[in-house]
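Only one structure is covered here, and it is reproduced in the block below.
Derivation of every value follows stated rules applied to the coordinates shown; laboratory data play no part. Treat the numbers as computed from the prediction; the structure is a model and nothing was measured. Note that we place each Cβ from the backbone using ideal geometry, even for glycine, and neighbour counts take in every protein chain shown.
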């Protein structure tokens, strides 16, 4: 009998120990899961707002990222980066105009068709992503953003670019991929700091003759209607990357003789 009681007591202790170990494991897993969730959320926010490698903005002190538009009213002057990507917005949130220190704005993946004139009051705005919206024309107010260095307008329905685009003297990255552009204005030659130009997936047959005034390093022209390499490309002395795949070339092109060209992709004509 004594042996049975001792055995039972030992079993109870063993059960208690196992229970404590199980509870500790659950708490640990829960903690790890929570930490992972926070890490994933931070990673997502950083990924959503991370600027392109073609653009290195000045570091914001105490950089603040908000995704809830209602939070901006508390300390609007402290916010220099904001993302409302993929929110199915049809109208520009007017509250964003309160962010006088805003430098980076991500509104890609919405249903926007226009921007308010008040956007020009965001004097510090350096980077704006308007990709994958419903713009049929480039909002004129964009050309009044004197500090703008990166402009993403890919995957819209643009049929033309205004002459005033040449006013963006600080612009170094411009993406117009997957639109309906058949031509570009001569004022593109006034973009004196443009380093990367993305025009994949349009209806272009030629480029502005004065584009050789621009210090372009990367030029993407895949999926257009070029029948040959535009002659102006031979004047792009800073060009390092040229992509022209899936264009209807009629014959094998003569490769441009550019001193810095490192990467070139051309269509096969065979």
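How many nm separate the modelled label positions at residue 75 and residue 250, each set 7 Å beyond the Cα in the direction of the Cβ?
6.4
Describe numerically, in nm with one decimal, the distance between label points set 7 Å from Cα along Cα→Cβ at residue 268 and at residue 228.
2.4
At a Förster radius of 30 Å, what calculated FRET efficiency corresponds to the Cβ-Cβ distance of residue 164 and residue 241, to the nearest 0.05?
That pair, residue 164 with residue 241, gives E of 0.60.
Among 157, 178, 81, what is the fewest-to-most ranking by other Cβ atoms within 10 Å?
157, 178, 81
Could you tell me what a quarter of the Cα convex hull surface of region 153-270 works out to, in nm² with one decimal place?
6.4
In whole Å, what three semi-axes, largest first, describe the equivalent ellipsoid of region 112-175 built from its Cα gyration tensor (square root of 5 times each eigenvalue)?
Output for region 112-175: semi-axes of 17, 13, 11 Å.
Let me know the whole percent of all Cα-Cα pairs from region 58-205 that are separated by more than 26 Å.
Above the 26 Å cut-off, region 58-205 has 21 percent of its Cα pairs.
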